[in-house]
Amino acid sequence: MNQSVEPLLIRARELSRTGPLEDAIAAYEQLLEVAPELANSWYNLGRLRAHAGRHEAALAAYGEALARGADAPEQIFLNRALVFSDGLSRFELAEAELVSALQVNPEYLPALMNLANLAEDRGERELARRYYTRALSLRPWFFEALARYANLHEPQGPNDPVIDRLRRALAMPNPDALERASLGFALARLLDAVGAYPQAFDCATAANAASLQAKRQGGFEVGYDRAAQEARITALIAFFTPARIAELRTALKIETAPSPRPIFICGMFRSGSTLCEQVLASHPEVTMGGELALLPDLIARMLPGYPEALEGAGSAALRTLAGAYHDGLAASFPQAVQVSDKRTENFLHIGLIKLLFPEARIIHTERDPLDIAVSIYFLHLDHRVPYAHDLGDIAHYYTQYRRLMAHWQELFGPELYGFDYARFVTDQRTATEQLLAYCGLPWNEACMAFHAAASVVRTASVWQVRKPLYRSSLGRGQHYAEQLAQVRALLAATA
């Protein structure tokens, strides 16, 4: 290696480990100007750019790595697929990259798993099953593939062979904590489906314990801080007063938002938000955005110390934030007129949304809190939902959410729309008419057949919204009356 290149390479590698991220990117860019033949360094640059959200630039760097013969090309194709799917919502291109990875290495399990996951997002159940079956043929006790396969299965009774296979897998000595969590949640779902409620709850409890262990082993800070959540909600309520909102609105003078215009869908996790979005996305004037991280990421980057930071941010900075949000929507959905943003925790930011996007439609999804609690407790969620492992924590988070929503209702009232899950299930047409009217959309019969929409759904409700409307999820918490006693008590105490 050229002696002038080696120090640049050492510096780039060190910065990629220690950061800052932009400095690491700049170091690799400087290195590759001098030594563009370093194929693996192009791969590292692509990875760093992807981490920074510079999607097109990441694809370009990965392309250079492939062209120059970098090691493990199947990994590069996989990474390109993740950029296309997670960063750019270009799912057909993501699929092509995954197929290319398998052409390089037909036994590359990560590509098979991602193809299966993409098929699930599209509602292609049989195709997803084939991919998981192929993965299991390559590794018969591939626990994650087995768990995902089981999540596609409709059990025929308590002696269903898939239930037995999950139990045998959990009895083996080698599943790690993350695998035990995946298997346990899958088994809990099947037992719940066949009416074996006590056993299902026990499985969900064990799965939550395993999930918590796996997150700790992965280096995530886990645990729900009730006092911190209460303080956060109190700060939002204290800051967003009628007087301050009027003052900020006067200073901002934000005009009508350009296209694409956002429709915000928010509320508690598992409260019907995916169903609501699927109905709207069945309308030809609405594009499904899914769970966009765009607004929370912009707040974290541009308003550190939010909400108090709003006081000194200045109208120019806030208009820049609003512009950055619209630019992000336009980049991901360039042909859209309206885009649904279904980041449920955006209920925390309704005050800011009403400042930045005065005409934006904000839909608040509502569901029976006991049904919400059970649904959350039975799901394998990541570290961003720290309250999910404990029913008491779920109940506490719900009470704080309810406290903040009462404040937003007091401030904005009819400017918010309540999408009630139970009301929708029992009177779909009327609820759909009201939802479309609130969004300023003309009636379209396709919204009544939301389950048939050709859309990509990337949430835990992916299969529920592929079915015609059903009522079996109403009152789900009644099956776990004894286990939910502490939830009912906390809800009653804070009513």
Legend entry - Residue selected from region 218-266 under the condition at pLDDT below 95 and of a type in the set (Gly, Ala, Ser), by the criterion nearest to Thr399 (Cα to Cα): Gly223
Legend entry - Among the candidates Leu411, Leu436, Leu352, Leu441, residue that is in a helix (DSSP H, G or I), assigned by TED's automatic domain parsing to the domain that holds Leu474, at pLDDT 95 or above and over 22 Å from Ile233 (Cα atoms): Leu436
Inset, instruction - Sort out which residues of region 343-376 are more than 25 Å from Arg249 (Cα to Cα) and either surrounded by fewer than 23 Cβ atoms within 10 Å (Cβ to Cβ) or in contact with a Ser or Thr (Cβ under 8 Å, 6 or more places away or on another chain) (or both), and write them in order of number. - result: Thr365, Glu366, Arg367, Asp368, Pro369, Leu370, Asp371, Ile372, Ser375
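Conditions tested, residue by residue: (1) at pLDDT 95 or above; (2) out of contact with any Cys (no Cβ under 8 Å at 6 or more places or on another chain); (3) more than 24 Å from Leu292 (Cβ to Cβ); (4) aliphatic (A, V, I, L, M).
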residue	(1), (2), (3), (4)
Tyr28	yes, yes, yes, no
Ser41	yes, yes, yes, no
Gly46	yes, yes, no, no
His51	no, yes, no, no
Ala61	yes, yes, yes, yes
Ala67	yes, yes, yes, yes
Ala70	yes, yes, yes, yes
Leu82	yes, yes, no, yes
Legend entry - Boolean, Glu14 is loosely packed, with under 15 Cβ neighbours inside 10 Å and under 28 Å from Gly328 (Cα atoms): no
Legend entry - Of residues in region 39-64 being of a type in the set (Lys, Arg) and assigned to a helix (DSSP H, G or I), the one surrounded by the most Cβ atoms within 10 Å (Cβ to Cβ): Arg49
Inset, instruction - Scan (1) in the same structural domain as Asp420 (by TED's automatic domain parsing); (2) in a helix (DSSP H, G or I); (3) modelled with pLDDT under 95 for the single condition Leu295 breaks and write down its number. - result: (3)
Inset, instruction - Please find, among Ala171, Ala177, Ala188, Ala181, the residue that is in contact with a His (Cβ under 8 Å, 6 or more places away or on another chain) and at pLDDT 95 or above. - result: Ala181
Legend entry - Only listed residue being within 29 Å of Thr432 (Cα to Cα) and either outside any helix (DSSP H, G or I) or touching a residue at least 12 places away in the same chain (Cβ under 8 Å) (or both), chosen from Pro307, Pro262: Pro262
Inset, instruction - Would you confirm whether any residue within region 160-171 is part of a loop (DSSP other than H, G, I, E, B), farther than 17 Å from Leu379 by Cα and without any contact (Cβ under 8 Å) to a residue 12 or more places away in the chain? - result: no
Inset, instruction - Within region 449-478, count every residue that is buried (at least 17 other Cβ atoms within 10 Å of the Cβ) and modelled with pLDDT of 85 or more. - result: 2
Inset, instruction - Select from region 332-373 the residues that are of a type in the set (A, V, I, L, M) and within 19 Å of the chain's Cα centre (by Cα) and write down the one among them that is farthest from Arg488 (Cα to Cα). - result: Val339
Inset, instruction - Determine which single condition Ala322 fails, assuming it passes every other condition in (1) touching a residue at least 12 places away in the same chain (Cβ under 8 Å); (2) in a loop (DSSP other than H, G, I, E, B); (3) more than 27 Å from Val385 (Cβ to Cβ). - result: (2)
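The values are calculated or read from the model by the stated rules, or taken from the named source; none is laboratory data. Every value quoted in this text rests on a predicted model; they were computed, and no experiment measured them. Because the Cβ atoms are built from the backbone with ideal geometry, glycine has one as well, and the counts that use them run over all protein chains shown.
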